[in-house]
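First comes the structure, then the notes that go with it.
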Amino acid sequence: MSGKECFEILDKIFLPKKMENIENIKGYTMKYGHIVENLKEYDGFEVPESAIVDEVLVSYFKEPMSYTTENMCEINTHGGNIVVKKILELCLKNGAEMAEPGEFTKRAFLNGRIDLLQAESVIDIIDAKSERELKAGMNQLEGRVSKEIHDIKQKIMDVMVNVEVDIDYPEYDVEEVTNTEINEMLDVVIADLSRLEKSFDNGKILKDGVKTAIIGKPNAGKSSLLNCILNEERAIVTEIEGTTRDTIEEFVTVEGVPLKLIDTAGIREAKDEVEKIGITKSKEIAKDADLIIAIFDSSKDLTDEDKEILDIIKNKTAIVVLNKMDLLNKIDENMAEIKNVSKYIVKMSTLEQKGIADLYKSIGNLFSMEEISLDNTTVITNVRHKNLISKALNSCREAKKSMELGMPLDIIAIFLKEILENLGEITGETVTDDIIDEIFSKFCLGK
Ligand code: GDP
């Protein structure tokens, strides 16, 4: 429970072993006792066993030193459905209200303990599917991204002061200086924002994974390759079930690169000859993949179907897997048709589980995550932030263009204010209530 009256409500349901006035209880302490139904009725009398709901520990947090900055208490019960439900009912009956999804974090934001960027990182941390993604979330929670946005804003505001002086007191002839100043500032800000905008490419991969499709003609070994990958990585595989069985996607992390394997259900379920995934389906799957693993049966000559597959991957990020290397080899890795479509050609035998390390190495090379050694770079992982950064960049460019055209300073000032507003929307200073509500509605209850 969080809020002004939470200790009063607690008082009506919690009987501590050692009674103490709430004023004397320090924050960050725990008390042992019992949750009791109709506690007030027993004022000063022995509480009958039948009224005791559970034996609990209660932690106390006193404002402003709490998650929400308000008074807070947490009741640690034995868990289970009935006990928890009963205690929740008692809290509600005695004046508490159910929290909305994300309400605790929302209060921390509204009360100014954290900014919007930090609040949003809480979801990222909870939803993190890889350690790197978690790290990015933690960096954001610790305020690294906020600081960077704040520094950029400060650079604009420093110049803005002079611009306002020029507008308000045109009799002081300082315009020349200001023009150079604005131009230099805009160049710096454009460079900063561009770097952040670009970091989203990696940020998106961190968050969503590299959408990976395994394609190939029937019997090339798609299903065997999938199993190879999934078996190898069994410990960290998570199945994300969509609305239909068809949309099962699986997450694996390879060489630090999170892969989202798409259409794994399709590959697995296509068992018999009629059902096997053919070229048309492969085309469809490949369409929105970030990475295509195209697999070929190297024990047979290249067929027309294989050539169609090569055609699909021609201008894509793709790795060619020459499978069934344990058999007599008909396809040569040096064949022009193959060499032309990808630099990454891997010889494998999925049957004997050979070559998988080379495949992983290729993936690691293609999506070098080293660039985002998260210790010293800021990565934007949230599309809302990315869009606002792009907007701010646009305003920067507009401002520069207007300067070149010799527009008056009050026009330039409008663009500068726009940039500040976009950046303020990222940290939550200039954000509307609707957006705040939308952001927190994505949280789960109790966060
Ligand atoms: P898909 O239709 O592309 O999913 O192909 P499958 O993975 O179902 O494999 C088709 C057949 O090829 C199966 O009988 C597999 O056992 C066999 N196969 C797959 N990989 C290899 C391999 O590396 N070597 C050999 N000898 N057979 C393989």
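The values are calculated or read from the model by the stated rules, or taken from the named source; none is laboratory data. Model, not experiment: these values are computed from the prediction. Cβ: placed from backbone, ideal geometry, glycine included. Neighbour counts: every protein chain shown. What goes into the accessible areas is simple: the full protein's heavy atoms, side chains included, and nothing from ligands, DNA or RNA. Shrake-Rupley method; radii C 1.70, N 1.55, O 1.52, S 1.80 Å.
Key figures
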quantity	calculated
Qualifying positions in the stretch 196-213 - open to solvent by less than 10 Å² (accessible area, probe 1.4 Å) and among the β-branched types (V, I, T)	V210, T212
Cβ pairs under 6 Å, 6+ apart, first in the stretch 373-385 and closer than 10 Å to L196 by Cβ, second at pLDDT 75 or above and of a type in the set (A, V, I, L, M, F, W, C)	T378/V145; V379/A136; I380/L196; I380/F200; H385/I426
K86 being in contact (Cβ under 8 Å) with a residue 24 or more places away in the chain, farther than 30 Å from E438 by Cα, touching a helix residue (DSSP H, G or I) at 6+ places or on another chain (Cβ under 9 Å) and not in a loop (DSSP other than H, G, I, E, B)	no
Helices (runs of 4 or more DSSP H) lying entirely in the stretch 98-152 (those with 1 or more residues that are over 26 Å from C73 (Cβ atoms))	116-127, 131-141
Residue ID - farthest from the ligand (Cβ to nearest atom), chosen from residues in the stretch 207-229 that are among the hydroxyl-bearing types (S, T, Y) and in contact with a strand residue (DSSP E or B) (Cβ under 8 Å, 6 or more places away or on another chain)	T212
Residue selected from the stretch 299-328 under the condition surrounded by fewer than 21 Cβ atoms within 10 Å (Cβ to Cβ), charged (D, E, K, R) and part of a loop (DSSP other than H, G, I, E, B), by the criterion farthest from the ligand (Cβ to nearest atom)	K314
Answer residue from the stretch 338-356, given it is part of a loop (DSSP other than H, G, I, E, B) and small (G, A, S) and is nearest to the ligand (Cβ to nearest atom) among those	G355
Enumeration of residues in the stretch 44-81 that are of a type outside the set (A, V, I, L, M), more than 10 Å from S2 (Cα to Cα), open to solvent by 30 Å² or more (accessible area, probe 1.4 Å) and part of a strand (DSSP E or B)	E55, N76
Scan of the stretch 94-110 for residues that are open to solvent by 50 Å² or more (accessible area, probe 1.4 Å) and either hydrophobic (A, V, I, L, M, F, W, C) or more than 30 Å from K40 (Cα to Cα) (or both), ordered by number	M98, K106, R107, L110
L359 within 35 Å of the chain's Cα centre (by Cα) and either more than 11 Å from the ligand (Cβ to nearest atom) or open to solvent by less than 30 Å² (accessible area, probe 1.4 Å) (or both)	yes
Test: residue in the stretch 185-193 that is modelled with pLDDT under 75 and either within 15 Å of the ligand (Cβ to nearest atom) or surrounded by fewer than 18 Cβ atoms within 10 Å (Cβ to Cβ) (or both)	no
